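Read the figures in this text as sums done on the coordinates, not as results from a lab. The structure displayed is predicted, hence computed values, not measured ones. Here the Cβ is made from the backbone with ideal geometry for all residues, glycine too, and neighbour counts use every protein chain on show.
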Amino acid sequence: DMILELVFVGVIGRVMSQSDDGSFDYGGSAYRKPPPAILMHKQAQSQDGSFNFVFAAENGLKQGETIAPDGTRTGAYSYVDPSGQTVSVKYSAGKDGFKIIEGSHVPKPPPHVI
């Protein structure tokens, strides 16, 4: 019977998508645990039109950014990578695109040899 086969396939698929902790994997790890708590969030807009914000989450993610009235952005963010190391990045973004000013994960050029 075709309906019985469809029900069977649906049940098997659901059982196989269930993880050991009882949560379900719908094709990505985002559904496996609740999002990290926001520990701090501040934002402000100035009379000149500039805007800035800063936040930190319990998983080590931190970000701060200032947006100028012309839309140019400068900021920094950091996160903890899978090996437990903190990765920090300072950046700017504007008419010339996104640029990393400094990044702990960016390879450093070798010293200039004369």
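On the basis of being loosely packed, with under 15 Cβ neighbours inside 10 Å and aliphatic (A, V, I, L, M), does L39 make the cut? Spell out how you get there, then give the answer.
Working: loosely packed, with under 15 Cβ neighbours inside 10 Å: yes; aliphatic (A, V, I, L, M): yes.
Against the criterion (loosely packed, with under 15 Cβ neighbours inside 10 Å and aliphatic (A, V, I, L, M)), L39 qualifies.
Identify the residue in the range 68-93 that is more than 19 Å from the chain's Cα centre (by Cα) and surrounded by 14 or more Cβ atoms within 10 Å (Cβ to Cβ) and, among all such residues, is farthest from F53 (Cα to Cα).
My answer is T72.
Please specify each residue of the range 45-56 satisfying the condition of being within 17 Å of G71 (Cβ to Cβ) and either in contact (Cβ under 8 Å) with a residue 12 or more places away in the chain or assigned to a strand (DSSP E or B) (or both).
Answer for the range 45-56, where residues must be within 17 Å of G71 (Cβ to Cβ) and either in contact (Cβ under 8 Å) with a residue 12 or more places away in the chain or assigned to a strand (DSSP E or B) (or both): Q45, D48, G49, S50, F51, N52, F53.
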